[in-house]
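Structure record follows, encoded as structure tokens.
Derivation of every value follows stated rules applied to the coordinates shown; laboratory data play no part. Bear in mind the structure is a predicted one, so any value in this text is a computation, not a measurement. Neighbour counts are summed over all protein chains in view; Cβ atoms, including those assigned to glycine, are modelled from backbone coordinates with ideal geometry.
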Amino acid sequence: MSSLTIQDMSERCGLSGPTLRYYEEVGLIGPIARDERSGHRRYGEEDLDTVQALACLRAMGVGIEDMRTYQANRKRGPVAAAEQRDLLLRHAERIEAEIATLHTHRDYLRAKAALWDARDRKDLDGEAAAWERVAALLPILKGAVQ
């Protein structure tokens with residue numbers, strides 16, 4: 001039974017109405033049933049499951065093509081398990097790299113703050129130590145930016 005409106009679906013999964021319509025347009029979901037009288041979309045429980053999975057993937061930065069592959073693999077079932085695993089692990093590795101970059105950015109900001117703190121306190125030894133930490137992070141930052 002298709003009973004959820006696009007607004008209901010949006011509230012339940014966190015994706016906007018335009019995103020839901022786009023996902024239907026590009027074949028990630030649907031086709032979605034329509035109310036016979038109004039023509040408005042009516043989502044069912046299976047649609048909800050699919051859209052919630054896509055919302056999670058989107059939140060993790062997974063692109064449309066990999067979402068498409070993920071959906072196709074879901075339909076294929078256990079025979080696609082290895083491909084599904086590899087797709088998800090590839091994104092987990094991407095996120096791990098992003099986390100490492102963010103840790104470096106955080107460390108740089110803290111080192112720069114310590115440098116300025118030492119300057120504020122007129123602590124020459126502290127300033128020198130902080131500057132060493134900053135200098136050690138610069139090559140890592142340059143590599144992350146390129």
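Could you give each residue of the stretch 16-29 its phi-based ³J(HN,Hα) in whole Hz, using Karplus coefficients 6.51, -1.76, 1.60 with θ = phi - 60°, and x for Gly or Pro?
Karplus-based 3J(HN,Hα) across the stretch 16-29 equals 6, x, x, 5, 4, 5, 5, 4, 5, 4, 8, x, 6, 9 Hz.
Amide H neighbours of residue 42 under 5 Å, at least 5 residues apart or on other chains, H built in the peptide plane: list them.
Sorted by chain and number, the residues that satisfy this are 33, 34, 35.
Rounded to the nearest 20 Debye, what is the dipole magnitude of the chain about its Cα centre when Lys and Arg each give +1 and Asp and Glu each give -1 at the C-beta?
Values: 22 positive and 24 negative charges, 35 e Å.
The dipole magnitude comes to about 160 debye.
Return the ratio Rg/(2.2 N^0.38 Å) for the stretch 33-146, where Rg is computed over Cα atoms only. Could you put the intermediate results ahead of the total?
On the way: Rg = 24.0 Å, N = 114, 2.2 N^0.38 = 13.3 Å.
So the Cα radius of gyration is 1.81 times the expected 2.2 N^0.38 Å.
Using the Cα centre as the reference, give the magnitude of the dipole from point charges on the C-beta atoms of the stretch 88-145 (Lys, Arg: +1; Asp, Glu: -1; all else neutral), rounded to the nearest 20 debye.
So the dipole magnitude of the stretch 88-145 works out to roughly 160 debye.
Can you work out the Karplus-derived ³J(HN,Hα) for every residue in the stretch 95-111? Use 6.51 cos²θ - 1.76 cosθ + 1.60 with θ = phi - 60°, whole Hz, and x for glycine or proline.
Residue by residue, the stretch 95-111 yields 5, 4, 5, 5, 5, 4, 5, 5, 4, 5, 4, 4, 4, 4, 4, 5, 5 Hz.
Could you give each residue of the stretch 62-71 its phi-based ³J(HN,Hα) in whole Hz, using Karplus coefficients 6.51, -1.76, 1.60 with θ = phi - 60°, and x for Gly or Pro?
6, x, 4, 5, 6, 5, 4, 4, 4, 5
As a check on your grasp of the helix formula, calculate [θ] at 222 nm for the chain: sum -39500 (n - 2.57) over DSSP H runs of n ≥ 4, divide by the residue count, round to the nearest 500.
-25000 deg cm²/dmol
Helix 124-145: angle to the longest alpha-carbon principal axis of the chain, degrees 0 to 90, nearest 10?
With both axes taken from Cα atoms, the answer is about 40 degrees.
When the chain is fully extended, how far beyond the present Cα-Cα distance does residue 133 get from residue 36, taking 0.36 nm per residue of separation?
28.3 nm
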